[in-house]
1. Can you put Leu234, Leu169 in order of accessible area, largest first, using a 1.4 Å probe?
2. Determine, for each peptide in 101-111, 439-449, the mean count of other beta carbons within 10 angstrom over its residues, then list the peptides with the highest first.
3. Would you mind putting 417-426, 321-330, 343-352, 293-302 in packing order, based on average other-beta-carbon counts within 10 Å, highest first?
4. Sort Ile67, Ile230 by accessible area with a 1.4 Å probe, largest first.
5. Give me the net charge for the shell around Ala336: Cβ to Cβ below 12 angstrom, other residues only, Lys and Arg +1, Asp and Glu -1.
6. Using 0.36 nm per residue, how much length does the chain from Val290 to Gln181 gain when fully extended, once their Cα-Cα distance is taken away?
7. I'd like the orientation of helix 379-395 relative to the chain: the angle between its Cα long axis and the longest Cα principal axis, in ° from 0 to 90, rounded to 10.
8. If you fit an axis through the alpha-carbon atoms of helix 242-253 and take the longest principal axis of the Cα set of the chain, what angle between them do you get, 0 to 90°, nearest 10?
Amino acid sequence: MSLFRTKSVEQSIADTDEPDHRLRKDLSALDLTVFGVGVIIGAGIFVLTGTVAASNAGPALALSFVIAAVACGLAALCYAELASTVPVAGSAYTFSYATLGELVAWIIGWDLVLEFTVGAAALSTGFSAYLQEVLSIVDITLPTQIASAADGFIDLPAVVIALLVTFLLIRGTKFSSRFNQVVVALKLVVVAAVIVVGIAHIDVSNWTPFIPDAQPAPESGGGFADVPLITSLLGLEPAVFGIAGVISGAAIVFFAFIGFDIVATTAEETRNPQRDVPIGILGSLAIVTVLYAAVSLVVTGLRSYRDIDPDSAAPLADAFKASGVDWMPNLISIGACIGLVVVAMILMLGQSRVGFAMARDGLLPRALAKVHPTWGTPYRITILTGVAVAAMAGFIDLSTLAHLVNIGTLFAFMLVSIGVVVLRRTRPDLPRGFRTPAAPVVAAISTLMCFYLMLNLTGDTWIRFGVWMLIGFVVYFVYGRRHSRLQAAVPGTDLSADRGRRAGT
């Protein structure tokens, strides 16, 4: 059978009613918007602001955020249409299965495993770092052996938070949503404080020049591995700042927007997905874009980009310390510590839903798609996800994998954008709760912007991404393709008739 066989939208929706694989529909538009805001406001706003301002964009960091937001916004329009048309768990994986075929769907699913699992593990370790900052306020210091995977034996706080989050997710999506709403409210209070207090201490001279002149990049000694791929492909001299620096900065701060697609993974658990999913996706993205731009202006206004330490894990706190506002760093550390719990939780939620959808389709063992009889959650794949995240967070230093999350997400956004146009042509008859305006144009611009941002990531990132994808191909051809429900249809159904049925319509 063809590697590009598609699974019909009707069958995808019908699968959601199988008794053993039926998720509970508990979520509203407010829940989805809060999920989106909760996952997007995380490590990016607390860490990447300083790194990108000092190393890439200067005060024009705000423009880097806007460019990344535009790319996300265009992809979000495509996500909103597909999620309202195919309200099934799995997000980009499910959409690709219905439009581009099984092999592409597998690639996207494998790609999302990278994005969500590695991202959740990285944020669990980030939580551990901020927790130790908070504990230092009351003179509590954890032994190095249990406080860091890099310097000791295990990062125990990261393991504990990953397992605690796993329990919350198994307990129920609505329960997780209520916990999320409380924590997001606290996190927004901290972000608002950063903006309001910061405005009073801004020195506008720090914004001049707003876009610093381009200058040669510092010698890294790494050659191809350490410079943006586009620089190597075009034979350009590596440079920082200037317009190129702003765009490179956008490719890096893109990490700060990762997560809005989580909203699409919960479509199957939404009471009115045709209306609520687009609201959740677009609403959360609009809110955080405004907040990110404001915070970036505060950081570069409080302290000249020339004085920011690009390696600092707490650039916001450093900026306030330099301005003499000594109480803000403690508040920021507490807000970051609390906020990262939610981000890790929602990334794990997304991974469990993608894994659930892949298992239900047979590309992963079907037993993983079993739903808890009381709580209505995919508890087996959630437990597996939680254990994997806890293991990586506890024993592996994940700093070198941060860019992998970006490239994986950009790749997924590209295929979702293409999928909207494909589904418009192959299934114009489907009811669509939301329609992407000027879909072919929006999809084309989204695809090009995402690809261009990918080219601005380092060669080393591309190599690692290629290795991960190669492993995925091996797993698919060894297991997934042979066990797919489209390969051996479940008795009483005809899952592989989609192409022939479409030909007859």
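The values are calculated or read from the model by the stated rules, or taken from the named source; none is laboratory data. Everything numeric here is computed off the predicted structure, so don't read it as measured data. Neighbour counts run over all protein chains shown; Cβ positions are idealised from the backbone, glycine included. Note: areas computed on protein heavy atoms with side chains; ligands, DNA, RNA excluded. Shrake-Rupley method; radii C 1.70, N 1.55, O 1.52, S 1.80 Å.
1. Working: Leu234 115, Leu169 5 Å².
Heavy-atom accessible area, descending, gives Leu234, Leu169.
2. On the way: 101-111: 24.2, 439-449: 18.3.
Per-residue mean Cβ counts within 10 Å order the peptides as 101-111, 439-449.
3. Numbers: 417-426: 20.1, 321-330: 14.5, 343-352: 29.2, 293-302: 23.0.
Top of the packing list down: 343-352, 293-302, 417-426, 321-330.
4. Working: Ile67 50, Ile230 25 Å².
These residues rank, largest area first, as Ile67, Ile230.
5. Numbers: positive: Lys187; negative: Glu133.
Surrounding charge for Ala336 is 0.
6. Numbers: separation 109, 0.36 × 109 = 39.24 nm, distance 1.95 nm.
Here the answer is 37.3 nm.
7. So the helix axis and the longest Cα principal axis differ by about 30 degrees.
8. Relative to the chain, helix 242-253 is tipped by roughly 60 degrees.
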